[in-house]
Amino acid sequence: MKIYFKISVLILLILAGCVKRNRNPGDRVRYNLLTEPPSLDWSITTDSASIEVLDNLMEGLTRYDENLKPIPALAESWEILDNGTKYIFHLRPGAKWSDGKPVLAEEFVYSWQRLVNPETAAEYAYFLYPVRNAREINSGAIKDLNQLGVRALDDRTLEVELVQPLVYFPVITTFMVTFPERRDLIEKYPDSWTEPEHLLTTGPFILTKWHHEYKLILEPNPHYYGPKPAINQVIFYMMNERTTELTLYDTGDLDLCQMPPAAIPSYRSSPEYRQKPILGTYYLGFNVLKPPVDNPLVRRALAMSIDRSKFPEILKGDQVPATSFIPPGLVGHNPKLGFEFNPQKAKELLAQAGYPDPKKLPAITLIFNNQDVNQLICEYAQAQWQNNLGITVYLRNMEWKVFLKELQLDPPAIWRLGWYADFPDPDNFATVFLSEGGNNHTRFKSKEYDDLVTRAAFEPDPQKRQELYHQSQKIILEDACIFIPLYFYSVNYLVKPYAHNLDFNAMGHLYFKDARIDFRGGK
Amino acid sequence: MPKLKSKSPLEMGLSRLRKNKSAMAGLGFIILITLVAIFARGIAPFGYEVQDTKVMLSGPTHSYWLGTDELGRDLLSRIIYGARISLAVAYFSTLFSLLLGTVYGAVSGYVGGKLDNFLMRIADVVYSFPDLLLIILINASIDREGLANAFLHLGLPGLIKLVNPEVLSLLIALSLVSWVNIGRLVRGEVLRIREEKFVEAAVALGSKPSAILFKHILPNTLGPLIVTLTFRIPAVILAESTLSFIGLGIQPPLASWGTLANSGFAHLRFHPHLILFPSLAIFLTILAFNFLGDGLRDAFAPGRDK
Amino acid sequence: MTRLVLSRIFYGLIVVWAVSTITFFLMHSVPGGPFDSEKKFPPEILKNIQAKYHLDQPVWKQYGFYISDLARLQFGPSFKYRNRQVEDILAQTFPVSMFLGFWALVIAVSFGVSAGIVSALRHNQAFDRISIFLSTLGISVPGFVLATLLIYFFGHRLKILPPALLEDWTHYILPACSLAAAPAAYLARLSRSSLLETLSKPFVQSVQAKGVSGARLVFRHLLKNSLSPVVTVLGPLVAMLITGSFVIEKIFSIPGMGRYFITAVSNRDYPLIMAVTIVYAVLIVLMNFLVDLTYAFLDPRVRLR
């Protein structure tokens, strides 16, 4: 026993002595991606980890500025013709791939055709449905890919025909599925063109190493048209535990980290702590056909009896309690919409609906997919309804895939979901609840709402647009009350004092091209 | 089997067991924790879902002995209610696997011949695989929502609370895996005992095979069987908590010890009590069963290894 | 001997086939398809995807594709990692798990067997009691609890060992130790009881009577005679390491096969689940095969079934 004790003490001492702490050598940024990007094929992939990486590897026709307005990227300029149904993009003369070859208009045509080609089986193909014949080609009604409404007029000019005028089309071209693709590369390495040995990119970085499920390394693209990044490497790790991530940040193995809620209070006063609202809303939805929530009075009563002011305390990250759906920062945001916390009024509504005794209310089930935050929120809501109305709501949780299936086939009375912006336009939020919208699980159908939302999408005057969104949101939030918004998302993170120009934008994207490491401090 | 006139093997074994301090301590702990699980409602200071949003994530205090979680729920009460799920899963799945394994082993041993050979080959394969792997596969393939919907359509949403589909599915998976040890054991004992004189006599007297099985063979396998069962229960607790910990077992809001530890892991650094206490409950229970099992083996089936 | 080897290989192939068939049908009864995701896609898109992966075919046809692919050692593309072939994923992750498992095994064997030997030699003395107690602890502590404790003290508190990642050898210490604990405890018990049995045999007394003692006695005479049962537990040990790897690789974010398996189960990534299961099956069959051979080799009296 003594020997063992001595040996273990010795081992410990050796360890303590030789473990070096990893100081940033001054030229790299190390960040945790949380999960492996399932694929870096920007036509096929769908999840946020892939998007975070691709945002730094690739650029498309347009990109966002700090205010999330689309600005020229590979396209130097564009013209809008035929009342907004035709766009002509002029490519930048200096736009090159990372092997030095110029970016050609033909490569956009190839990429877009590949996206909508049914054989590609791309889940995001619907992003291009505004383009002429995209839906028909994708569904197989039209076999000829060349019928797609996009053409290369010459090497540097791209013409796009839309089905109807769309005010925000240059926003769509910031999204990864519209990035150009190299036919030669994909045809030569159909299964491995996204691996670092082969991948060619147009953005500020190139992919130099991909150790699957472990880390990705990005290095500057020598042929990028813009200024060279100041850092020589971006390392993305894939660790699926935020507490561990935080410890590695503390020990200097990471330069930037997102925080687990429980850690936020301890770091609030740190100068390294930052917090930013994100364009996204967490809500509880109703199935408006399921009794007893088929009665709007019951739905309103439920909406009024959740005290949202506790959310910042529970989630600890300054999430903004929300009664409305369209988040701050977008046209159409109106915090006055929706119902405030009012348990007294809620009880009256419930009585009005024919349930003076809440015990008589038929059973209500709330489902959620198992994840820490969802569990917290749903258990909190359950307790609120119990305490404020005397209603018992059954909670059921399920795996993500099963949960989604349930929502599509037969949603229970209440469920949780969140909506993050795909692009920073209120239309992206409003269309969620269209009668035929694929993401509308409420079974709510309203011609009036659909008309208002469609009119708003094509309304060029911001004032009038605001008014249209006010009217349409009032329908779903108050009149019909088909869901209960709970809060707007925010991101809480730490950045080392020596790392500069590292911030999330309001879509939760992180761009590394302007990042700088400087130990002397100052900008 | 030598017959002793003065003391029956049972009495001798019991007196040997009584002298074994760690086994008795284990037994005491098991009885205690089982009683706590059964009478959770009376013992727990709070309901397992009662929230006190004024004291979220507090460490141990004198009103919350083991502290509170991120919604201000009392951890002690949650562990007490968690004992219900963890122990119920362990006891019931061991019971099911006992039934399954006994029938399997008895048939295999009693019928013998080709069938025996075939059944034992299957048992060998199942035995050589890691329990957890099989449990994960079986558990993943059971349609829990189907079960839940069946309950709902029967108009019994309350039943879900009582026999949660998650728990039921895990129970099935665990039972389908743990019968093997029991099956092999029972078969071995059957083979041994059926050669004994008194069984031969019973056959000669024209007893039915089933009667022989239940009257003569099974009672004689009881000792080793109890030892095996005592080792199966901690193995099942370990499997359940591990599965729940990696997110493939019981899911919140149901609170088994494994799920409590799972949600506690996120708080490891700042509020370690949230993972420490559920882990301790799991560990102590498994330890108690292992102590008892070692004691039982020494007392009743000396020389026999697991 | 040849006959034995051949029959064992045949038997092993049957087991692998049976396991793959059962896994296939289990996985096809799983509720929730692999391509359900947050944003609902138009039906035409779902149809395209299903056609690509033969999911629109009847189950028996899918089974046919699966078995014929299996015979050619091809598992097709993963559902989740759509640009990667399952066999490539295995080729990358298997070595990681093997490497970690190997070091865990080294730690387990060196600590477990030596603790077992010492406690057998000091039967019923303090060391023996403590080591029995520790090994009972080792068997009773779930892997995730031990890993959590190690992460808490060495990672979060002392900050001397990294709680995740695999940059250099220091990153292997915590996961390898967590993985080794249960097998070490198991080996300690086993080698102790096996050595005790040898010690009670008459030849030991005669050797001792000749004046052989100490290290010479242990290494020359005892170990040779008592380690064969230890060698033959290779099968259960590998099973323990596989089970452990699910938990340890997940907790420490290690890109090994165990972690892939866990995520594949929640992602409904059938090809990956089945492939990993088959790899485990082959591994276990192989280990048992080796164990059988070792048996036959060490003890020629053992007649194999």
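The values are calculated or read from the model by the stated rules, or taken from the named source; none is laboratory data. Just so you know, these numbers come straight off a predicted model, no measurement behind them. Cβ sites come from the backbone with ideal geometry, for glycine too, and all protein chains shown count toward neighbours. Heavy atoms of the whole protein, side chains included, go into the accessibility calculation; ligands, DNA and RNA do not. Shrake-Rupley method; radii C 1.70, N 1.55, O 1.52, S 1.80 Å.
What are the residues in the range A:326-345 that are assigned to a helix (DSSP H, G or I) and open to solvent by less than 60 Å² (accessible area, probe 1.4 Å), if any?
Scanning the range A:326-345 gives a single hit, A:P343.
Are any of the residues in the range C:164-183 in contact with a Gly (Cβ under 7 Å, 6 or more places away or on another chain), more than 30 Å from A:F236 (Cα to Cα), crowded, with 24+ Cβ neighbours inside 10 Å and more than 14 Å from chain A (Cβ to nearest Cβ)?
For the range C:164-183, residues in contact with a Gly (Cβ under 7 Å, 6 or more places away or on another chain), more than 30 Å from A:F236 (Cα to Cα), crowded, with 24+ Cβ neighbours inside 10 Å and more than 14 Å from chain A (Cβ to nearest Cβ): present.
When you check B:L66 against the structure, is it hydrophobic (A, V, I, L, M, F, W, C) and not in a helix (DSSP H, G or I), yes or no?
Here the answer is yes, as B:L66 does meet what is asked.
From the list C:V231, C:V247, C:V265, exactly one residue is open to solvent by 30 Å² or more (accessible area, probe 1.4 Å) and either of a type outside the set (V, I, T) or under 19 Å from the mean Cα position of the chain (by Cα) (or both). Which is it?
The conditions single out C:V231.
Restricting attention to the range A:81-119, report how many residues are in a strand (DSSP E or B) and surrounded by 15 or more Cβ atoms within 10 Å (Cβ to Cβ).
8
Which residues, counting only those in the range B:36-57, are over 20 Å from A:S309 (Cβ atoms) and either away from chain A (no Cβ under 14 Å) or open to solvent by less than 40 Å² (accessible area, probe 1.4 Å) (or both)?
Selection gives B:V36, B:A37, B:I38, B:F39, B:A40, B:R41, B:G42, B:I43, B:A44, B:P45, B:G47.
Considering only the range A:349-356, I want to know if a residue exists there that is surrounded by 20 or more Cβ atoms within 10 Å (Cβ to Cβ) and under 26 Å from the mean Cα position of the chain (by Cα).
No.
Just give me the residues in the range C:250-293 being charged (D, E, K, R), at the interface with another protein chain (Cβ under 8 Å from one of its Cβ atoms) and assigned to a helix (DSSP H, G or I), in sequence order.
Of everything in the range C:250-293, those that are charged (D, E, K, R), at the interface with another protein chain (Cβ under 8 Å from one of its Cβ atoms) and assigned to a helix (DSSP H, G or I) turn out to be C:K250, C:R259.
Quick one: which residue in A:A134, A:A141, A:A125 is open to solvent by 30 Å² or more (accessible area, probe 1.4 Å), without any contact (Cβ under 8 Å) to a residue 60 or more places away in the chain and within 14 Å of chain C (Cβ to nearest Cβ)?
A:A141 is the lone residue from the list that is open to solvent by 30 Å² or more (accessible area, probe 1.4 Å), without any contact (Cβ under 8 Å) to a residue 60 or more places away in the chain and within 14 Å of chain C (Cβ to nearest Cβ).
Quick check on this structure: which one of A:E181, A:E161 is buried (at least 20 other Cβ atoms within 10 Å of the Cβ) and either closer than 26 Å to A:W97 by Cβ or over 22 Å from the mean Cα position of the chain (by Cα) (or both)?
A:E181
Can you find a residue in the range B:186-205 that is within 14 Å of chain C (Cβ to nearest Cβ), open to solvent by less than 10 Å² (accessible area, probe 1.4 Å) and among the aliphatic types (A, V, I, L, M)?
no
Give me a count of the residues in the range A:253-284 that are under 22 Å from A:E66 (Cβ atoms) and of a type in the set (F, W, Y).
Of the residues in the range A:253-284, 1 are under 22 Å from A:E66 (Cβ atoms) and of a type in the set (F, W, Y).
In this structure, does C:L222 turn out to be crowded, with 20+ Cβ neighbours inside 10 Å, more than 25 Å from B:L268 (Cβ to Cβ) and either of a type in the set (F, W, Y) or within 11 Å of chain B (Cβ to nearest Cβ) (or both)?
no
Of everything in the range B:1-51 that's among the charged types (D, E, K, R) and under 21 Å from B:S256 (Cα atoms), which residue is modelled with the highest pLDDT?
B:R41
I'm trying to understand the selection: among the residues of the range B:240-269, which are at the interface with another protein chain (Cβ under 9 Å from one of its Cβ atoms), of a type in the set (G, A, S) and either in contact with a strand residue (DSSP E or B) (Cβ under 6 Å, 6 or more places away or on another chain) or not in a loop (DSSP other than H, G, I, E, B) (or both)?
Correct list: B:S241, B:G258, B:A261, B:S263, B:G264.
Scan the range A:63-96 residue by residue and report those that are within 21 Å of A:L40 (Cβ to Cβ) and under 27 Å from the mean Cα position of the chain (by Cα).
If the condition is that a residue be within 21 Å of A:L40 (Cβ to Cβ) and under 27 Å from the mean Cα position of the chain (by Cα), then A:R63, A:Y64, A:A73, A:L74 are the ones that fit.
Conditions first: (1) touching a helix residue (DSSP H, G or I) at 6+ places or on another chain (Cβ under 7 Å); (2) within 14 Å of another protein chain (Cβ to nearest Cβ); (3) at pLDDT 70 or above. C:Y11 passes all but one, so which condition is the exception?
(1)
Based on what the data block shows, is A:L218 over 30 Å from A:F483 (Cβ atoms), more than 12 Å from chain C (Cβ to nearest Cβ) and open to solvent by less than 40 Å² (accessible area, probe 1.4 Å)?
yes
When you scan the range C:87-115, how many residues do you find that are away from chain A (no Cβ under 13 Å) and out of contact with any Phe, Trp or Tyr (no Cβ under 9 Å at 6 or more places or on another chain)?
Within the range C:87-115, residues that are away from chain A (no Cβ under 13 Å) and out of contact with any Phe, Trp or Tyr (no Cβ under 9 Å at 6 or more places or on another chain) number 8.
Which condition number in (1) over 20 Å from C:P175 (Cβ atoms); (2) touching a residue at least 40 places away in the same chain (Cβ under 8 Å); (3) more than 7 Å from every other protein chain (Cβ to nearest Cβ) is the one that C:T136 fails?
Failed condition: (3).
Consider A:A303 against the criteria (1) touching a helix residue (DSSP H, G or I) at 6+ places or on another chain (Cβ under 7 Å); (2) more than 14 Å from chain B (Cβ to nearest Cβ): it satisfies all of them except one. Which criterion is unmet?
That leaves (1) as the condition not met.
Among the residues of the range C:139-161, what is the count of those that are more than 8 Å from chain B (Cβ to nearest Cβ), buried (at least 20 other Cβ atoms within 10 Å of the Cβ) and not in a helix (DSSP H, G or I)?
1
Do you know which residues across the range A:116-147 are closer than 14 Å to A:W42 by Cα and among the acidic types (D, E)?
A:E123
Which residue out of C:F99, C:F94, C:F75 is buried (at least 22 other Cβ atoms within 10 Å of the Cβ) and within 23 Å of the chain's Cα centre (by Cα)?
Residue meeting the stated conditions: C:F75.
Residue by residue through the range A:52-80, note down the ones that are more than 26 Å from A:D155 (Cβ to Cβ) and open to solvent by 30 Å² or more (accessible area, probe 1.4 Å).
Within the range A:52-80, A:E52, A:D65, A:E66, A:N67, A:K69 meet the criteria.
Residue check, A:T323 against (1) polar (S, T, N, Q); (2) surrounded by fewer than 20 Cβ atoms within 10 Å (Cβ to Cβ); (3) in a loop (DSSP other than H, G, I, E, B), all met but one. Which one?
(2)
Taking A:A49 as the residue in question, decide whether it is surrounded by fewer than 24 Cβ atoms within 10 Å (Cβ to Cβ), in contact with a Leu (Cβ under 8 Å, 6 or more places away or on another chain) and hydrophobic (A, V, I, L, M, F, W, C).
Yes.
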